[in-house]
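The structure appears below as structure tokens.
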Amino acid sequence: QVQLVESGGGLVQAGGSLRLSCAASGVFVANTVMGWFRQAPGKEREFVAGIRWTGGMSSYADSVKGRFTISKDNAKSTVYLQMFGLKPEDTAVYYCAAGTPYESSNPLGYIYWGQGTQVTVSS
């Protein structure tokens, strides 16, 4: 059983930065992917970034490329999402997820989800 706990959300002004953390516990298989998704009110959940637990290959949504960076610390079993240049449209609940998706951006490939952390960007 994998458990994911997100932290680091909050209120920030446009142009500011935040770092989200996802502490993971449980057993990971070799091809586990850790992903960050977000869901704004009235919108569908969307992919933000993903990283392979083994090897570290990462991918990003076009909307966050160049502003967000996903990373991991295997020793701490923690995945991070560093967010720079935040925009009001980045406001959402951010979720951490773990699974073995064929495509990192497909939420259906993720089995485990955290409870989410709110990110609010004021203009």
Long-range neighbours under 8 Å by Cβ, at least six apart or interchain, first residue open to solvent by less than 20 Å² (accessible area, probe 1.4 Å) within segment 35-61, second of a type in the set (Val, Ile, Thr) and in a loop (DSSP other than H, G, I, E, B): Val48/Val64; Ala49/Val64
Residues of segment 1-27 that turn out to be outside any strand (DSSP E or B) and at pLDDT 95 or above, as a count: 6
Residue within segment 65-76 that is under 21 Å from Pro107 (Cβ atoms), touching a residue at least 40 places away in the same chain (Cβ under 8 Å), open to solvent by less than 60 Å² (accessible area, probe 1.4 Å) and not acidic (Asp, Glu) present: no
Lone unmet requirement of (1) out of contact with any Leu (no Cβ under 8 Å at 6 or more places or on another chain); (2) open to solvent by 20 Å² or more (accessible area, probe 1.4 Å); (3) under 18 Å from Gln1 (Cβ atoms); (4) of a type in the set (A, V, I, L, M) for Ala23: (1)
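The values are calculated or read from the model by the stated rules, or taken from the named source; none is laboratory data. Keep in mind it's a predicted model, so treat the numbers as computed, not measured. FYI the Cβ positions are ideal-geometry reconstructions off the backbone, even for glycines, and counts take in every protein chain you see. Quick note on the areas: whole protein, heavy atoms, side chains included, nothing else; ligands and nucleic acids left out. Shrake-Rupley method; radii C 1.70, N 1.55, O 1.52, S 1.80 Å.
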